[in-house]
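Notes follow the structure.
Taken together, the values in this text are just the output of simple stated rules run on the coordinates, not laboratory data. In this text the structure is predicted, and so the values were computed from the model without any measurement. All Cβ positions, even for glycine, are placed from backbone atoms using ideal geometry, and neighbour counts span all protein chains on display.
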Amino acid sequence: MALNTQPNLLRADDFYEALIDMHRGLDDAQSQSANAQLILLLANHIGDHAVLLEAMRCAREGALEG
Amino acid sequence: MSIDYQALSFEYRPCREQQTQRDTQPAQPAQQAQAAPYPVIVVGAGPVGLATAIDLAQQGVPVVLVDDDCSLSTGSRAICFSKRSLDIFDRLGCAQRMVDKGISWNVGKVFLKKDLVYTFNLQPEAGHHRPAFINLQQYYVEGFLLERAQELPNLEIRWKSKVVGVQQNGTPGAGDASVTLSVETPDGIYALRGRYVVAADGSRSPMRKMMGLDSKGVTFRDRFLIADVKMEADFPTERWFWFDPPFHPNQSVLLHRQPDNVWRIDFQLGWDADPVLEKTPGRVIPRVRALLGAEAKFELEWVSVYTFSCTRMERFRHGNVLFAGDAAHGVSPFGARGANSGVQDAENLAWKLAMVLGGGAPDALLDTYASEREFAADENIRNSTRSTDFITPKSPVSRVFRDAVLKLSRHHPFARQLANSGRLSVPAVLRDSPLNTADSDSFDGAMVPGAACVDAPVHMDGHPAWLLRQLGEQFTGVLFCDGRGVDQATRTALDALRAGPIPLKLVVVLDGDAPADARIGMRVVHDTEGLASTRYDAKPGTFYLIRPDQHVCARWRQLDADAVERAVARALCAQGGAATATASPNPNANANAVRAAH
């Protein structure tokens, strides 16, 4: 599997708090925009097409699960 | 003296089939087809039909071109003609007039609100004869093509000749197969028979409908106001695209300059716009004023509201009828992949028909027209669809991402490559074509088998010239040499290729100022700037085999005449490693014999 889903966050709880905090004071439309921009920024940073496709596949499956 | 091409009207004359019928059986309707079928009938005198007919006639194939009307196109149709189309028009003898009249451009700009977010240059390097694009109204392109067509004695154009019936005779692909068209004219209906018919009769293709066939795909839920506006304006000669500009909030606008001070402006209106109301001057003029300023002076030349689709026929070949241009496939205009891909269809088809009719290739070669151009159509549809989806996001979340890309583009270079206001037309690389011979030697660069040849500045007979003008129209061998010249073994191989069953045109590309060996007896060009050998990743001894349509067929690091002959045979779908048809030194001699002198 190209995508690494083993623990790789150096500061997991700090990251999680920052992610929620990124949305502080934003309305729903702004939050959607921020999320989309974050996805695009990180996708570009990763670059590898197979990794990105696999991540998207996992995300879609997760969304379709009950 | 300038001609108003939109106002031209051409004369209808009864054709010889109608004369014969009138003379011999005046009371009978025209049921008899003529004695021998024409080699090719082209249906539709638009850019694609005209290009096909000219290319066939240039290659020695007599053509009858029928059109249901007697005039050229009017209003705002295709305007952006790509470098590849210009290179094809060069070979057809019309490009210079088009470039002289047209507006050349290479640069495009993309704006978000008031800010420039992205600039692209479609031809950043020098050393190409033709620009990335010219803007020229379709009626000029047709007018210039028509004037060229009228110079060719074996090209007959029949105006006010509407095809109302199609019947295929015999087993498609067999030597005696033909197609009978029922053609309606002001003097009644007559039968016109051809070995092959090219259906280039546009997006609504009556030929397609008569044969019970479809062009299927996706329609984009959006409407666009297309306005041709006559005005003097200072905008530079660049393609400008705005997302959400202040003068047209939440929608897109595209601006192109055309000749005669005509500007083409596309305003995205949204699906809920009223297409009838939006064409009225009361609606259009304020939109144009908002873009140009309240004081601007302009006239509306043409206004229409369009909805766009990307569609294609499943197969472009049906028996002995071959579909080309919009009749075969349609795209949304962002990217200029409509007329341009049709012109590429024409050049792909013409040499193959010429070869088959001349006995140099079996009928199966025409199947590769369909497969190669279906592949290209898919690429054009994919690109046009992606652009249109970016311009007209199909869902709320798609819109979120689209807007996110644009916002990121302001500050971050990576996002600019995602901003898609149109991926402008480039020729498809026919990488999987069965006509290619795969590289057995190692090569870098873009000139892979299946690629359209790239141009380079050269010198010939002491004068500046262009490499691309030396290639194509027939199979061409290109040998790269340095100062050591051509040794005897190579010269013997070249002579064999020149005199082979399908004779090759030979071009020798000499390094820089290397002296030309006058005894070589083939076209010699000097690669004075070294760009030919760079672009073709050539070393001394490198040999390229180029198809009549200027696509790379095969290439080697050393000339091996047998390998070249096998590659030619492969490119002709010939059996057994050499062209087996009874090819004469003039491959088109048979085509002339099919249609007896009249």
- Task: Two decimals is fine: what's Rg over Rh for the stretch A:12-64, C-alpha atoms, Kirkwood radius as Rh?
- Result: 1.02
- Item | Dipole magnitude of the stretch B:433-583, debye to nearest 20 (Cβ charges: Lys/Arg +1, Asp/Glu -1, about Cα centre) | 380 debye
- Task: Pairs of Cα atoms under 8 Å, at least six residues apart: use those to get the relative contact order of the stretch B:457-571, whole percent.
- Result: 32 percent
- Message: Just to be sure I understand the model, the point goes 7 Å from the Cα along the line to the Cβ. What's the resulting B:Asp441 to B:Ala233 distance in nm?
- Response: 5.2 nm
- For chain B, just the Cα set please: Rg and Dmax, both in angstrom. 25.3, 79
- What percent do you get for the relative contact order of chain B when only Cα pairs under 8 Å and 6+ apart count? 15 percent
- Item | Dipole of the stretch B:339-492, positive end: most advanced residue of B:Ala354, B:Gly485, B:Val426 [Cβ charges, Cα centre] | B:Val426
- When you look at the Cβ of every residue in B:400-407, what mean number of other chain Cβ atoms sits within 10 Å? 5
- Query: Is it possible to state the helix-based mean residue ellipticity at 222 nm for chain A, with each DSSP H run of 4+ residues giving -39500 (n - 2.57), the sum divided by total residues, to the nearest 500 deg cm²/dmol? What is it?
  - Reply: -22500 deg cm²/dmol
- Cα pair count fraction exceeding 18 Å, expressed as % - the stretch B:97-233: 77 percent
- Message: Given Cβ point charges of +1 (Lys, Arg) and -1 (Asp, Glu) and nothing else, what value in debye, to the nearest 20, does the dipole of the protein assembly as shown about its Cα centre take?
- Response: 720 debye
- When averaged across all projection directions, what area in nm² does the alpha-carbon convex hull of the stretch B:157-243 cover? 11.3 nm²
- Leaving out same-chain residues fewer than 8 places away, which lysines sit with a Cα under 27 Å from that of B:Lys162? B:Lys209, B:Lys216, B:Lys352
- Item | At R0 = 22 Å, FRET efficiency that the Cβ-Cβ distance of B:Asp378 and A:Arg57 yields, to 0.05 | 0.40
- For each of B:Thr237, B:Thr542, count neighbouring Cβ atoms within 10 Å of the residue's Cβ, then give the residues from fewest to most. B:Thr237, B:Thr542
- Rounded to whole angstroms and listed largest first, the alpha-carbon spread of the stretch B:221-307 along its three principal axes comes to 33, 24, 23
- Whole-number D in µm²/s for the stretch B:455-558 (Stokes-Einstein; Kirkwood sum over Cα pairs; 20 °C, 1.002 mPa s): 159 µm²/s
- Using alpha carbon positions and the Kirkwood radius, the Rg to Rh ratio of the stretch B:259-381 is 1.17
- Whole-Å semi-axes of the protein assembly as shown's equivalent ellipsoid, largest first, each the root of 5 times a Cα gyration tensor eigenvalue? 45, 35, 25
- Note on the structure: Projected onto the charge dipole of chain B (unit charges on the beta-carbon of Lys, Arg, Asp and Glu, signs +1, +1, -1, -1), the Cα from B:Phe144, B:Pro259, B:Pro457 with the largest positive-side position is that of B:Pro259
- Dipole of chain B, positive direction: furthest Cα of B:Val99, B:Ser384, B:Leu192, with charges on the beta-carbon: B:Ser384
- Message: Run through the stretch B:233-301 and list the chymotrypsin sites (Phe, Trp or Tyr not before Pro) located in a DSSP loop whose Cβ has at most 12 other Cβ atoms within 10 Å.
- Response: B:Trp271
- Message: Loop by DSSP (not H, G, I, E, B), at most 12 other beta-carbon atoms within 10 Å: where is the longest site-free stretch of chain B for GluC sites (Glu not before Pro)?
- Response: B:315-598
- Query: Per-residue mean of other chain beta-carbon atoms within 10 angstrom of the beta-carbon, peptide A:36-48?
  - Reply: 4
- Task: Sort B:Asp176, B:Asp68 so that the residue with the fewest other Cβ atoms within 10 Å of its own Cβ comes first and the one with the most comes last.
- Result: B:Asp176, B:Asp68
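Taking the Cα centre of chain B as the origin, how large is its charge dipole in debye, to the nearest 20, when only Lys and Arg (+1) and Asp and Glu (-1) carry charge on their Cβ atoms?
1200 debye
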- Task: Any chance you could get the radius of gyration and Dmax over the Cα atoms of the stretch B:317-457, in Å?
- Result: 18.8, 61
- Message: For chain B, what does the helix formula give at 222 nm: sum of -39500 (n - 2.57) over DSSP H segments with n ≥ 4, over the residue count, nearest 500 deg cm²/dmol?
- Response: -8500 deg cm²/dmol
